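**Q** Submitted below is the structure of interest, expressed as structure tokens.
The values are calculated or read from the model by the stated rules, or taken from the named source; none is laboratory data. Small disclaimer: the values here were computed from a predicted structure and weren't measured. Here Cβ is always computed from backbone atoms with ideal geometry, including for glycine, and neighbour counts include all displayed protein chains. In case anyone asks, the SASA skips ligands and DNA or RNA and just uses the protein heavy atoms, side chains included. Shrake-Rupley method; radii C 1.70, N 1.55, O 1.52, S 1.80 Å.
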Amino acid sequence: QVRLVESGGGSVQAGDSLTLSCAVWGSTYSPYSMAWFRQAPRKEREGVAAVDSDGGPTYADSVEGRFNASRTNAQTTLYLQLNSLKPEDAAMYYCAADWSVRSTWSRLQSSYYDYWGQGTQVTVSS
């Protein structure tokens, strides 16, 4: 059974950094697309960053320039380096993955992905 396992969340002060990891378990093949989403209380889930196995990352406008998404050479682990954290970055961060190639679909839309992790909490205090 395919599952995504996230780690790295924690409580930090504004301006600090965190690195989140998402590992794929239970699949012979690496996902084509992997992404990070986040959801704060009483807010909708939003796409943060996505990385295809054969391309570079894409970012939400709110995090571009501060966050860095990358994947291992084997394409089975997704990382997110969160820099210059702001209180508004506080959320549950979810990893998502999909094995389909949907070239015209937005990678930052949740409907793109069929597989999701359980989330890792990021708290940012000012």
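**Q** Going toward the positive end of the dipole of region 1-62, with +1 on Lys and Arg Cβ and -1 on Asp and Glu Cβ, which of SER62, PRO41, SER21 do you reach last?
**A** PRO41
**Q** Let me ask you something else. Which GluC sites (Glu not before Pro) does region 1-61 hold that lie in a coil by DSSP with at most 13 other beta carbons within 10 Å?
**A** Answer in residue order: GLU44.
**Q** Write out the trypsin sites (Lys or Arg not before Pro) in region 1-96 meeting two conditions: DSSP loop, and at most 10 other Cβ atoms within 10 Å of their Cβ.
**A** Answer by residue number: ARG42, LYS43.
**Q** Using the Cα centre of the chain as the reference point, and only Cβ charges (+1 on K/R, -1 on D/E), how large is the resulting charge dipole? Debye, rounded to the nearest 20.
**A** Details: 10 positive and 12 negative charges, 33 e Å.
Charge dipole, the chain, about its Cα centre: 160 debye, nearest 20.
**Q** A further question follows. Beyond 25 Å, how much of the Cα-Cα pair distribution for the chain remains, as a whole percent?
**A** That fraction is 16 percent.
**Q** Find which of SER53, THR104, TYR94 sits farthest along the positive direction of the dipole of the chain, computed with +1 on the beta-carbon of Lys and Arg, -1 on that of Asp and Glu, about the Cα centre.
**A** Positive-most Cα among the choices belongs to TYR94.
**Q** Separate question: Before anything else, pin down the relative contact order of the chain: Cα pairs under 8 Å, at least 6 apart, normalised by residue count, whole percent.
**A** 36
**Q** To continue, here is another question. Find the accessible area per residue for the chain; the probe is 1.4 Å, ligands and nucleic acids are left out, and the unit is Å².
**A** Counting only protein heavy atoms, the per-residue value for the chain is 52 Å².
**Q** Expressed in nm to one decimal, what extension gain is obtained for the pair THR72 and VAL5 from 0.36 nm per residue of sequence separation less their Cα-Cα distance?
**A** 22.6 nm
**Q** Scan around GLY119 for amide H atoms under 5 Å from its own, H built in the peptide plane at 1.01 Å from N, and keep only partners 5 or more places away or cross-chain.
**A** Excluding prolines and chain starts, which carry no amide H, the hits are GLU6, CYS95.
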